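Enquirer: First, the structure itself, so that you have it in front of you.
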Amino acid sequence: ISKPTISIIVAALKPNLGIGYQGKLPWRLRKEIKYFKDITTQVKNHDHINAVIMGRRTWDSIPNKFKPLPNRINVVLSRSFKNEIIDSNVIHANSIDVALNQLSNKDQLKKSIERIFIIGGAEIYNELIHDSRIDHLLITEVENSNKDHQVPIDTFLNFPIYDSNNNGGWIKSSKSELQEFAGDDISIEDDIKEGDFVYNYTLWKRK
Ligand SMILES: NC(=O)C1=CN([C@@H]2O[C@H](COP(=O)(O)OP(=O)(O)OC[C@H]3O[C@@H](n4cnc5c(N)ncnc54)[C@H](OP(=O)(O)O)[C@@H]3O)[C@@H](O)[C@H]2O)C=CC1
Ligand SMILES: COc1ccc(Oc2cccc3nc(N)nc(N)c23)cc1
């Protein structure tokens, strides 16, 4: 298998790209959660498996019965970790370099890694957006349709993608390119409405 692509995947409230509140998600978007599960789990070749990389605080905030995220290699980053394979689906690493090396080490993994997804949280996102190894951004652009309803947010992405000068070198792909990335088993609907929220799935590539 050629090198797996590395994608940041996040849902963020426009225009300020809010992503969290008091250590949790600021919303519960049922279809969006299914999209996240499907796109991070799905492989074209069933001898392969995908990996999700997350920060230690995100890992800590997943209830035990829901972790590790199933059918994906879970890599947790902490500066105080020794680099070790915890079990066949959980890897601890103290840097992104170590994490990526462990994922490329075929003889210590049962299956080849097809795709790698950075799944949060804020500290990890805001560091890795500047890492040239990140190939794609999968951003669910969330909007609040009820101007009388304030969404409590205390955590934001610092992504340069809406900056006028050059968008930090990122360009939003077409919907057909996103559909191709996701594959035909994942439906990419437009303007999905849940409660006061309306959201759209987007794919960004480097210019
Ligand atoms: N809207 C969305 O799609 C998502 C939102 N979120 C939100 O993000 C927030 C959590 O984000 P945040 O609090 O920033 O925590 P993170 O999940 O980003 O974890 C931060 C921890 O990761 C470790 N870490 C960070 N950078 C590195 C590095 N370069 N090398 C090694 N370890 C590193 C450190 O662990 P240590 O301290 O042990 O050294 C650090 O404390 C929550 O509110 C959550 O809900 C999370 C995911 C998705
Ligand atoms: C608390 O643990 C976690 C918190 C958030 C998380 O990531 C997500 C959870 C639910 C939906 C998500 N949707 C998108 N587009 N991106 C993510 N990273 C998501 C994964 C684990």
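Enquirer: Among the residues of region 105-114, is there at least one that is more than 16 Å from ligand 2 (Cβ to nearest atom), more than 22 Å from A182 (Cα to Cα) and modelled with pLDDT of 95 or more?
Expert: No, the conditions are met nowhere in region 105-114.
Enquirer: Name the residues in region 23-54 that are among the basic types (K, R) and outside any loop (DSSP other than H, G, I, E, B), would you?
Expert: Of everything in region 23-54, those that are among the basic types (K, R) and outside any loop (DSSP other than H, G, I, E, B) turn out to be K24, R30, K31, K34, K37.
Enquirer: In region 18-48, which residue that is at negative phi, in contact (Cβ under 8 Å) with a residue 60 or more places away in the chain and of a type in the set (S, T, N, Q) is surrounded by the most Cβ atoms within 10 Å (Cβ to Cβ)?
Expert: Result: T40.
Enquirer: What residue, among those in region 80-96 that are under 20 Å from the mean Cα position of the chain (by Cα) and more than 14 Å from ligand 1 (Cβ to nearest atom), is farthest from H48 (Cα to Cα)?
Expert: V90
Enquirer: Right, something else. State all residues of region 59-89 that are surrounded by 13 or more Cβ atoms within 10 Å (Cβ to Cβ) and within 14 Å of ligand 2 (Cβ to nearest atom); if no residue qualifies, say none.
Expert: Of everything in region 59-89, those that are surrounded by 13 or more Cβ atoms within 10 Å (Cβ to Cβ) and within 14 Å of ligand 2 (Cβ to nearest atom) turn out to be W59, S61, I62, K67, P68, L69, R72, N74, V75, V76, L77.
Enquirer: Sort out which residues of region 49-65 are over 18 Å from G121 (Cβ atoms) and in contact (Cβ under 8 Å) with a residue 24 or more places away in the chain, and write them in order of number.
Expert: Within region 49-65, I49, N50 qualify.
Enquirer: Here are some residues: I124, I118, I134. Which one is aliphatic (A, V, I, L, M), within 16 Å of ligand 2 (Cβ to nearest atom), under 19 Å from A51 (Cβ atoms) and assigned to a strand (DSSP E or B)?
Expert: When all the criteria are applied, what remains is I118.
Condition check ((1) part of a loop (DSSP other than H, G, I, E, B); (2) at pLDDT 95 or above; (3) over 16 Å from the mean Cα position of the chain (by Cα)) across all residues:
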| site | (1), (2), (3) |
| --- | --- |
| S176 | no, yes, yes |
| D185 | yes, yes, yes |
| E189 | yes, yes, yes |
| V198 | no, yes, yes |
| K205 | no, yes, no |
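Enquirer: Here's a check for you: in region 97-122, which residue that is within 12 Å of ligand 1 (Cβ to nearest atom) and closer than 22 Å to E32 by Cβ is surrounded by the fewest Cβ atoms within 10 Å (Cβ to Cβ)?
Expert: So, considering only residues that are within 12 Å of ligand 1 (Cβ to nearest atom) and closer than 22 Å to E32 by Cβ, the one surrounded by the fewest Cβ atoms within 10 Å (Cβ to Cβ) is A122.
Enquirer: To continue, here is another question. Name the pairs: first residue in region 168-182 and within 10 Å of K205 (Cα to Cα), second residue in a helix (DSSP H, G or I), Cβ to Cβ under 7 Å, at least 6 apart or on different chains?
Expert: Here the result reads W170/I161, each pair linking region 168-182 to a residue that is in a helix (DSSP H, G or I).
The values are calculated or read from the model by the stated rules, or taken from the named source; none is laboratory data. Values in this document were obtained by computation on a predicted structure and should not be read as measured data. Every residue, glycine as well, gets a Cβ built from its backbone with ideal geometry; the counts of neighbours run over all protein chains shown.
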